[in-house]
Amino acid sequence: MNPFLQWLQGFVPGAVRVNPVERLRACCGALLGILLTGVATRLSLGSNSGLPLLIAPMGASAVLLFGVPASPLAQPWSIIGGNVVSALIGVSCALWITDPTLAAAVAVAAAIGAMFALRCLHPPSGAVALTAVLGGPAILAQGYRFVLLPVLLNSALLLLVALLFNNATRRRYPHPTRLEHARTHGTADAPAADRLGFTPADLDDVLKQYNQVLDISRDDLESLLLQTEMHAYRRRFGEISCADIMSRDVVTVEFGTTLEDAWRLLREHRIKALPVINRARRVIGIVTQTDFMEHAELDLHQSFDAKLRGFIRRIGHTHSDKPEVVGQIMSSSVRSVLASMHIVELVPLLSASGRHHVPVLDAEKRLVGIVTQTDLIAGMYRARLGETRTAEAQAK
């Protein structure tokens, strides 16, 4: 392609890959944000204050806070820190530099530098610095009071609406940062999921070479790349769901099952976990061999078998401090999956999180099976074997 035509293509916007519901959500959020901020500011300042109820940069802030709430440029510290520091710099330039054009240029440049240094880069804040210099007599007369009224007031009110609206519409805000990849065994080995493919260090090196600000957090970028890998695996392996590999004849217990009976089931069936269900077959917990060991407080100074037997044996009378039933030692926070979920999505659950068993539910949230690390390995092996045979058949 002609280099000039290729350069011209850069002016053509790319497709916006969000559905109409998300677009409407962003518009409604901006509407509420600007309206409530303006009304609250009017009530705070009064209608005869001579100050603008809303400064123009708040419109640009609303685009970020409601249109792209996951952006690093839209986080709470970005809007508050960016707007306040830019207002301080703008007012200072207006007071100390007599030429308005030079003052405006210095204010915007200094604001960008300060936001980089304070890690609160917020594009509308450049307009806040410009407004402090060129906003007219009423704003210039305010001096440093402009930083508080209306800049800080507008920013805080708009942020408050964004916090309420985004979370109410299932957009977590502030956007969470994922934890570092944990080494669950306390050794120097990288987590299992990082031993093949790209690692966090690889991504950090590439971002360092890229050396530009991205309007997406590093953790979100890593998550998108990992999801892309998983999507590619799904395409290669075909549609293999949890229902295809799970164990369907699941040994379960109820809240009131005695510890003796639960331990007997674990030993009898040679399994390491028992889902705890209610009468509607909905999972309310899970009890594992580890739960027994932790609650029995096993140590090296007492016989393992003797102490475990003492723990699971029923006391025979009420009001005992010792746990007697499964519900007293089970883990109530249980991560489950749907039977229709692709097995590739099990990989982070069963490799990086330390889980060995995951209950499988149907569309009505009832227990229909359980999947283990062994099931996942066997399923992916069969998928890989099938892919190899297909490739060999095509080569003949």
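The values are calculated or read from the model by the stated rules, or taken from the named source; none is laboratory data. Because the structure is predicted, anything quoted here is derived from the model rather than measured. Every residue, glycine among them, receives a Cβ derived from its backbone with ideal geometry; neighbour counts consider all protein chains shown.
Things worth noting here:
- Of all residues in segment 85-114, those satisfying the criterion of being within 24 Å of F66 (Cβ to Cβ), buried (at least 19 other Cβ atoms within 10 Å of the Cβ) and either without any contact (Cβ under 8 Å) to a residue 60 or more places away in the chain or outside the structural domain of N154 (by TED's automatic domain parsing) (or both) are V85, S86, A111.
- Checking each residue of segment 115-130 against the condition of being surrounded by fewer than 16 Cβ atoms within 10 Å (Cβ to Cβ), farther than 30 Å from A104 by Cα, at pLDDT 95 or above and not charged (D, E, K, R) gives no match.
- All positions within segment 223-252 that are more than 18 Å from L349 (Cβ to Cβ) and of a type in the set (S, T, Y): T228, T252
- Residue match in segment 116-125 (condition: assigned by TED's automatic domain parsing to the domain that holds M58 and either polar (S, T, N, Q) or farther than 28 Å from L203 by Cβ (or both)): yes
- Condition check for V18 on (1) touching a His at 6+ places or on another chain (Cβ under 7 Å); (2) within 25 Å of T169 (Cα to Cα): one failure, at (1).
- Selection of segment 257-281 for residues being over 18 Å from H357 (Cβ atoms) and more than 36 Å from the chain's Cα centre (by Cα) yields T258, L259, E260, D261, R264.
- Complete set of residues in segment 74-84 that are crowded, with 23+ Cβ neighbours inside 10 Å and aliphatic (A, V, I, L, M): A74, I79
- Within segment 215-249, restricting attention to residues that are among the hydrophobic types (A, V, I, L, M, F, W, C) and within 18 Å of the chain's Cα centre (by Cα), the residue that is farthest from P72 (Cα to Cα) is M230.
- Boolean, R171 is modelled with pLDDT of 85 or more, outside any helix (DSSP H, G or I) and under 30 Å from V347 (Cβ atoms): yes
- Filter result for E229 (loosely packed, with under 12 Cβ neighbours inside 10 Å and either of a type in the set (G, A, S) or at pLDDT below 85 (or both)): no
- Flag if G67 is surrounded by 16 or more Cβ atoms within 10 Å (Cβ to Cβ) and within 24 Å of the chain's Cα centre (by Cα): yes
The rows are residues; the columns are (1) part of a helix (DSSP H, G or I); (2) without any contact (Cβ under 8 Å) to a residue 12 or more places away in the chain.
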{"site": "A232", "(1), (2)": "yes, yes"}
{"site": "R235", "(1), (2)": "yes, yes"}
{"site": "D244", "(1), (2)": "yes, no"}
{"site": "V250", "(1), (2)": "no, no"}
{"site": "G256", "(1), (2)": "no, no"}
{"site": "E260", "(1), (2)": "yes, no"}
{"site": "W263", "(1), (2)": "yes, no"}
{"site": "R267", "(1), (2)": "yes, yes"}
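- So A62, is it surrounded by fewer than 22 Cβ atoms within 10 Å (Cβ to Cβ), aliphatic (A, V, I, L, M) and closer than 21 Å to L149 by Cα: no
- Extreme residue, surrounded by the fewest Cβ atoms within 10 Å (Cβ to Cβ), among residues of segment 325-357 that are of a type in the set (A, V, I, L, M, F, W, C), without any contact (Cβ under 8 Å) to a residue 60 or more places away in the chain and not in a loop (DSSP other than H, G, I, E, B): L349
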